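One structure, as structure tokens, below. Some questions next.
The values are calculated or read from the model by the stated rules, or taken from the named source; none is laboratory data. From a predicted model like this one, the values you see are computed outputs, not experimental measurements. In this analysis, Cβ positions are derived from the backbone assuming ideal geometry, glycine residues included, and neighbour counts consider all displayed protein chains. What goes into the accessible areas is simple: the full protein's heavy atoms, side chains included, and nothing from ligands, DNA or RNA. Shrake-Rupley method; radii C 1.70, N 1.55, O 1.52, S 1.80 Å.
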Amino acid sequence: MINIIQLGSNTGLDHVTDFINQYKDEISKVLLVEPLPQLAKELRDNYKDYTTDISVHSCAVSDKNGTADFYYLPDTNLRLSSLLPNVHSDFMRGTSKIAVPTLTFDSLCAKHNLTKVDVLFVDIEGYDEDVISTIDFAKYNIGTLVWEFSHAMRRNPQQHQAIKEKCMDWGMIQQNRGANIIMTKIGTKQYNITLQ
């Protein structure tokens, strides 16, 4: 049975929903993480009828526990929201900010009693690789890692290369899918990831 975490879940109804529907008989637990409270509420509503063990946690995953400013475009596409104040060109029009709770990846997993994370999806608007760099892959035996790399790569190309090397050192092979990278550990199950 597999455990899944999605960082930056927004309202759901995406490729992770497809994954849950396809592999529901193999899933032990799903943890969906979304910092914006209004989106976390909609996320809970969108998964309320699922029989799979799905938890929604409203926080941002960061390098420390506490609170942080979280930037978003009000009354528009709330998918464009980030811990980073200047990650999107759209942010030049002006953003709103809200203080959100933050947890480290380790603290998040401890809070939800997760000692194994088989599949990790990360889409946190430019902060993806900052978080991935803090994760001990061996500690959680991560088998599949999917993340949006385009913003993070532009921000810090050296960190981007270091993350790919970290994955390869863990025995993962890379597949690119648009603005996303899928890394899968050799010897683990190859899952169908329905990214466009």
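Could you give the accessible area per residue of segment 1-141, probe 1.4 Å, as a whole number in Å²?
44
Then there is this: Counting other Cβ atoms within 10 Å, keep those with at most 16, restrict to DSSP loop, and tell me which chymotrypsin sites (Phe, Trp or Tyr not before Pro) in segment 1-50 are left.
The qualifying sites are Tyr50.
Okay, moving on. Among DSSP bridges having both ends in segment 1-113, what percentage is antiparallel? Round to the nearest 5.
45
Which FRET efficiency value, to the nearest 0.05, do you get for Asp106 and Thr51 by plugging their Cβ-Cβ distance into 1/(1 + (r/R0)^6) with R0 = 45 Å?
0.95
Moving on to the next point. If the chain between Gln161 and Lys64 were fully stretched, how many nm would it gain, using 0.36 nm times the residue separation less the Cα-Cα distance?
Once the chain is fully extended between Gln161 and Lys64, it gains 32.6 nm.
Taking the Cβ of Phe149 as the center, what net charge do the other residues with Cβ under 15 Å away carry, scoring Lys and Arg +1 and Asp and Glu -1?
Once positives and negatives cancel, what remains is -2.
Provide the percentage of antiparallel DSSP beta bridges, counting only those with both residues in the chain; round to the nearest 5.
Bridges in the chain are about 50 percent antiparallel.
A further question follows. Which Cα, out of Met153, Val87, Thr11, lies furthest along the positive dipole direction of the chain (beta carbon charges, K/R +1, D/E -1)?
Met153
Can you work out ³J(HN,Hα) from phi for every residue in segment 135-141, in order, using Karplus 6.51 cos²θ - 1.76 cosθ + 1.60 and θ = phi - 60°, giving whole Hz and x for Gly and Pro?
Result, rounded to whole Hz: 8, 8, 4, 5, 4, 9, 6.
Follow-up question, since we're still on this one. So, with a 1.4 angstrom probe, what is the percent of accessible area on the chain that is carbon and sulfur?
Exposed carbon and sulfur together represent 48 percent of the surface.
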